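Colleague: Quick one: structure below, then a few questions.
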Amino acid sequence: MKNILIDTIPFQISPKLIRESEEKNNGRVIVNGILQRAGAKNQNGRVYPKPILMREANRYAKTEIKERRALGELDHPDSSVVNLQNASHNINKIWWKGDDLMGEVEVLGTPSGNILKELLKANIKLGISSRGMGSVKQMNEDGTVEVQSDFELVCWDFVSNPSTHGAFMAPVNESIDRNKTKQNKYDKVNDIINEMLCELTCKCSLPRRRK
């Protein structure tokens, strides 16, 4: 039986690189980094065999990416369909670097895309997360499961709770303030989202956040 499979890699890029991308790409934010890793067990105990992930990546490149509809959402819905109203970014291209599936991600000028851009500018730690449908098979007693050949890749989304260890998107040496509490981090995320929603939909005026 197929289930929705979600796996996250931490995503972090400096506000400086966001500004540089806007200047270089006529206001567009375009970043490169790791989308997914093959053959490595993540914190969900799940392993994606490279042949299966490579097959789905090739299919995705020939269809969604080629036709410029490789959209993703801001946060995961409980669905195997991408909701256009919540689209925040598009995958421009993907390629392999060893066992790492790399990608070029363009942040869109949609309401969700503008929220995503502001979160990145504020140096909020996010994750980029694959969403797909498939089944898994238990490999050993430690809980490790392997994704099976019926796996179908749906998209990559941006999420607020990156839990899977792995590589960061560029720059890989970006420092993380580990002394901040989770509550402070989520408060800052909520402040940014509320402010953006007000500017985009409510047309109301809120006091600007203190930086």
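Colleague: So is I91 under 16 Å from R131 (Cα atoms), hydrophobic (A, V, I, L, M, F, W, C) and over 16 Å from the mean Cα position of the chain (by Cα) or not?
Modeller: No.
Colleague: Restricting attention to strands (runs of 3 or more DSSP E) lying wholly within the stretch 1-87, give those where 2 or more residues are among the β-branched types (V, I, T).
Modeller: Those strands (runs of 3 or more DSSP E) span 3-11, 29-37.
Colleague: Find the residue count for the stretch 41-67, including only residues that are surrounded by 13 or more Cβ atoms within 10 Å (Cβ to Cβ) and touching a His at 6+ places or on another chain (Cβ under 9 Å).
Modeller: Going through the stretch 41-67 one residue at a time, the tally reaches 1.
Colleague: Which of the residues that make up the stretch 26-39 are modelled with pLDDT of 90 or more and either more than 18 Å from the chain's Cα centre (by Cα) or polar (S, T, N, Q) (or both)?
Modeller: The answer is Q36, G39.
Colleague: Now, a different point. Please count how many residues of the stretch 127-162 are surrounded by 20 or more Cβ atoms within 10 Å (Cβ to Cβ), closer than 16 Å to N42 by Cα and among the charged types (D, E, K, R).
Modeller: Of the residues in that region, 1 qualify.
Colleague: Could you tell me whether the stretch 63-82 includes any residue that is basic (K, R) and touching a Ser or Thr at 6+ places or on another chain (Cβ under 7 Å)?
Modeller: no
Colleague: Would you tally the residues in the stretch 11-29 being within 13 Å of E104 (Cβ to Cβ), in contact (Cβ under 8 Å) with a residue 24 or more places away in the chain and crowded, with 16+ Cβ neighbours inside 10 Å?
Modeller: Looking only at that region, the number is 2.
Yes/no per residue for (1) under 30 Å from A122 (Cα atoms); (2) touching an Asp or Glu at 6+ places or on another chain (Cβ under 9 Å); (3) among the aliphatic types (A, V, I, L, M):
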residue: K2; (1), (2), (3): no, yes, no
residue: D7; (1), (2), (3): yes, no, no
residue: K24; (1), (2), (3): yes, no, no
residue: I30; (1), (2), (3): yes, yes, yes
residue: N42; (1), (2), (3): yes, yes, no
residue: Y48; (1), (2), (3): no, yes, no
residue: R69; (1), (2), (3): yes, no, no
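The values are calculated or read from the model by the stated rules, or taken from the named source; none is laboratory data. Here the structure is a predicted model, which is why all the values come from computation and not from measurement. Please note: Cβ atoms are built from the backbone with ideal geometry, for glycine as well, and neighbour counts cover all protein chains shown.
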